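Structure, as structure tokens:
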Amino acid sequence: MTTATLQTQAATRSGEGARALLVAAFLGLGLVFVAGFAPASALHNAAHDFRHAQNFPCH
Amino acid sequence: MIVRMLSAALVAGFLAAVVATGLQLALTSPLILQAETFEGGHSHASAAQGAPAVAPPAAVTLAALIVPAHAHSHAHGHGDAAPGETSDAWEPAPGFPRMAFTGLATLVGGVGYALLLAAVMLALRREPTPQAGLGIGIAGFLAVVLAPAIGLPPELPGMGAAPLALRQSWWLMTVAATGVGLYLIAVRRVPLTILGGLVLIVAPHLVGAPHSVDTVSSPLPPATAAQFAARSLAIGFVFWALIGLAYGWAWGLFARSAGADAPVRAHG
């Protein structure tokens, strides 16, 4: 019983960890894409100085 | 756990962005504005304000943050401009709005980097402490800033360059290869993976970054470009180190508020 509970908890934790990892990676890549790569010229112009300063390839 | 991670990443990204924005406005933005005066086709913004189209560099540097000179989007002479990009595309107004958007972009990028750092810490199963965060932050600097800069040095507007898509692909490939290489060397740490890691880190530079044939004819003073590259790398280091440190710090900060994540749970 105790072992089963612990196993369930461990599974829940690692499942939560995997979900957190996916959320972080997905959101992080999305934000970095918007700030550093998005080709829309309004986004490019808004982030222009940041892109140059952080050495993203920019125009 | 997800809420705690997102909160810590927001705090870390914000703190690092505040510092990095200050450094960018003080160190790199004036050089970008100065470089734009060497770019062709920029004159309308300056002329509209009655400023000389090409001012001496010293005056430009002093007046850099108030003299409007942002019109680089007209100067896409290298043929890599996004399709549909025209001279009347929206851009932030010179002066404060432009500085504000630089800050906003830095914030978005900082939170994005902080989330990626969080993802790496989760994948490595490292408990986020300021120390562990600093370690991953420095690895992030090496992989995301320093490695691509070896092939594609930080670039000012108006410097001749290879097509954008090629440079972006090489940049992404180098970041990914260096990241995996650092993981194989620092985390796996057996001779075979260290060898593999070194190969991965060196390979993009053996392949070579896409270079333009026309880097020599840029009218930009080489000293300005060199200064910009050095400052850019320094800011990148501060940015990444702070993101790592602050993520570890904020993770601890949110330990109490996230009761559901406490190590001891009620037995079901």
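The values are calculated or read from the model by the stated rules, or taken from the named source; none is laboratory data. Every value quoted in this text rests on a predicted model; they were computed, and no experiment measured them. A quick note on method: Cβ atoms are made from the backbone with ideal geometry, for glycine too, and the neighbour counts reach across all protein chains shown.
Summary of values
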{"item": "Candidate set from region B:146-171 (those that are crowded, with 17+ Cβ neighbours inside 10 Å and among the small types (Gly, Ala, Ser)); member that is nearest to the other protein chains (Cβ to nearest Cβ)", "result": "B:149"}
{"item": "Residue list for region B:136-145, filter: surrounded by fewer than 23 Cβ atoms within 10 Å (Cβ to Cβ) and within 9 Å of another protein chain (Cβ to nearest Cβ)", "result": "B:145"}
{"item": "Every pair of residues 6+ apart whose Cβ atoms lie under 8 Å, when the first sits in region B:110-126 and is facing another protein chain (nearest Cβ under 7 Å) while the second is of a type outside the set (D, E, K, R) and not in a helix (DSSP H, G or I)", "result": "B:118/B:128"}
{"item": "Residue in region B:68-88 that is modelled with pLDDT of 95 or more, more than 9 Å from chain A (Cβ to nearest Cβ) and within 26 Å of residue B:235 (Cα to Cα) present", "result": "no"}
{"item": "Residues of region B:194-204 satisfying the condition of being surrounded by 17 or more Cβ atoms within 10 Å (Cβ to Cβ) and either assigned to a loop (DSSP other than H, G, I, E, B) or without any contact (Cβ under 8 Å) to a residue 24 or more places away in the chain (or both)", "result": "B:197, B:200"}
{"item": "Wholly within region B:1-64, helices (runs of 4 or more DSSP H) carrying at least 3 residues that are modelled with pLDDT of 50 or more, within 13 Å of chain A (Cβ to nearest Cβ) and in contact with a helix residue (DSSP H, G or I) (Cβ under 9 Å, 6 or more places away or on another chain)", "result": "B:2-23, B:29-36"}
{"item": "Output for region B:1-42, where each listed residue is of a type outside the set (A, V, I, L, M, F, W, C) and under 17 Å from residue B:99 (Cα atoms)", "result": "B:21, B:22, B:24, B:28, B:29, B:30, B:34, B:36"}
{"item": "All positions within region B:230-268 that are modelled with pLDDT under 55 and either under 19 Å from residue B:111 (Cα atoms) or surrounded by fewer than 14 Cβ atoms within 10 Å (Cβ to Cβ) (or both)", "result": "B:259, B:260, B:262, B:263, B:264, B:265, B:266, B:267, B:268"}
